[in-house]
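What follows is a single structure, written as structure tokens, with notes after it.
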Amino acid sequence: MNASNAACVELTRQPPRNSVWGRQTLARQFFIVGSAFSLGAMALVGLFVTHLIEKAVTRNAAASTALYVDSIIAPLLPDMASSEILDETSSRVLDETLAQGPLGERLKAFRLWARDGRILYSSDPSQIGQQFAPSEDLQKAFGGELVAEFDELDDIESTAERESGLPLLEIYSPLLQPWSGEVVAVTEFYEVAEGLKVDLSVARWQSWSAVATVTLAFFLTLSAIVFRGSRTISLQSRELESRIAELTQLLSQNDALKSRIQRAAAATTALNESYLRNLGADLHDGPAQLVAFAALRVDSGLLSEPATSTERREKEVSVIKASLDQAMTEIRTICTGLVLPHVESVSLEEMLGELLNSYRARTGKTVELRNRATITVLPVAAKICIYRFIQESLNNGYKHAAGLGQWVNIAQFDDGIEVQVGDAGPGLSQLNSGGSGIGLAGMRDRVESLGGTFSVAPAPAGTIVTMTLPLHNMETPI
């Protein structure tokens, strides 16, 4: 494997995904994690916002009620800065005020606290004079702060109020000295807050709805962007993988073709040497011998001796001339096999006609043309390959099968051409035993160097030699 193939394999290698989580896409992982995070954030924000709203609503309602109660109760109390004891008259007035009228309907319970935790007055007479440890809310109220809690009745003295089952707003309101602003006492009262309960429910619903809507809109918008990006990445990834696979396949094909070309080039070099040796042998054993024979007859002296008769001299000249004519014929035969017609300027049909006519003139054998392709334009390399293939196949058929029943078939397929040459000779066994096979090897290497295929197969009578050539990746014809 070369560096290009290794790079492609490395790009297509995917990380192992053994777990269920690892098999999920990045978009799904974002959706799962984002959903959990958004729900958690929504819960935290919702609780925080709801708490703030409830606190604000409760405080506003408490401030309004405290202002109303103070406006009624404060004028009825004696000077709490000089005396921390309510006289009988003040207690009776408070009883009458809290037992009737709008204030009595609105308040469930009322207490007046001293700084040390004693109850100076209570709507429950049994609690008057009792002393309790000051609660945190009571201490805040003596610090000048208005304290309000809704439905959180956890004080010891609030047993009756808890058992009532009513929605109550507990309020601690500091009583201030008018001229000094000093907190002299704290009023504690419980307001029946049906309306506040409804307001708080509505506020909770609205706050949760707002938080959920904003969170959901934000998350869905972000998810849509992420999923869109994920789809784009997936499409690009699949396209990239497809292109890498195609590139890998092309690289493999190129490597195979390169190897075939290298083998063909090496074989061609060897075949050229064999052709040169054969050509030298043909010239040496044929025309050279005949020319040498003629030269010997010329040097024999018969033509120059005066004693040689005219008849004998004419006969010797005829022998020399016949030897030279035979040598010239063999030289022309050898040249005919080496020289191609002008393939650049002729069509496939014309080239085929010239080839078959030349073969018929040389051997006296007629070749049947069973089919001819309709290709009008062919690359020059393809024309040369087809010409040499048919020429060598016919010569082999003449040599091994005496030219019996020879035929040629040319067909066109999707992006290439197929050529077959057959005969009615003895078959493959005789063909394989008839010589060194240099012609077949040369044909195979020539065809494969152009990316084609070559095969020799037996027929019902004789032998069929087949070649195919792809034409889509060859150079354009001249």
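The values are calculated or read from the model by the stated rules, or taken from the named source; none is laboratory data. Computed from a prediction, not measured in an experiment: that's the story for all the values here. Cβ coordinates were reconstructed from backbone atoms using ideal geometry, including for glycine residues, and neighbour counts include every protein chain displayed. In case anyone asks, the SASA skips ligands and DNA or RNA and just uses the protein heavy atoms, side chains included. Shrake-Rupley method; radii C 1.70, N 1.55, O 1.52, S 1.80 Å.
A few remarks follow.
- The set of residues in region 198-209 that are touching a residue at least 40 places away in the same chain (Cβ under 8 Å) and open to solvent by 30 Å² or more (accessible area, probe 1.4 Å) comprises ASP199, ARG204, TRP208.
- LEU222 vs. criteria in contact (Cβ under 8 Å) with a residue 24 or more places away in the chain, under 30 Å from GLN29 (Cα atoms), open to solvent by 60 Å² or more (accessible area, probe 1.4 Å) and hydrophobic (A, V, I, L, M, F, W, C): yes
- Any hit, region 34-50, residues being open to solvent by less than 90 Å² (accessible area, probe 1.4 Å) and at pLDDT below 75: no
Residues checked against (1) outside any helix (DSSP H, G or I); (2) touching a residue at least 40 places away in the same chain (Cβ under 8 Å); (3) polar (S, T, N, Q):
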{"residue": "GLN24", "(1), (2), (3)": "yes, no, yes"}
{"residue": "ARG28", "(1), (2), (3)": "no, no, no"}
{"residue": "VAL33", "(1), (2), (3)": "no, no, no"}
{"residue": "SER38", "(1), (2), (3)": "no, yes, yes"}
{"residue": "ALA43", "(1), (2), (3)": "no, no, no"}
{"residue": "PHE48", "(1), (2), (3)": "no, no, no"}
{"residue": "HIS51", "(1), (2), (3)": "no, no, no"}
{"residue": "SER64", "(1), (2), (3)": "no, no, yes"}
{"residue": "TYR68", "(1), (2), (3)": "no, no, no"}
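- Qualifying residue in region 300-309 (condition: closer than 30 Å to THR333 by Cβ, modelled with pLDDT under 80 and of a type in the set (Val, Ile, Thr)): no
- Meets criteria (of a type in the set (D, E, K, R) and open to solvent by less than 50 Å² (accessible area, probe 1.4 Å)) for LYS365: no
- Test: residue in region 335-349 that is closer than 25 Å to ALA402 by Cα, modelled with pLDDT of 80 or more, within 60 Å of the chain's Cα centre (by Cα) and of a type in the set (D, E, K, R): no
- Wholly within region 92-186, helices (runs of 4 or more DSSP H) carrying at least 2 residues that are surrounded by fewer than 17 Cβ atoms within 10 Å (Cβ to Cβ) and at pLDDT below 80: 101-106, 159-164
- Restricting attention to region 51-73, the residues that are within 30 Å of THR215 (Cβ to Cβ) and open to solvent by 40 Å² or more (accessible area, probe 1.4 Å) total 9.
- Qualifying positions in region 416-433 - modelled with pLDDT of 80 or more and open to solvent by 70 Å² or more (accessible area, probe 1.4 Å): PRO426
- Checked against (1) under 19 Å from SER455 (Cα atoms); (2) without any contact (Cβ under 8 Å) to a residue 24 or more places away in the chain, ASP414 passes all but condition (1).
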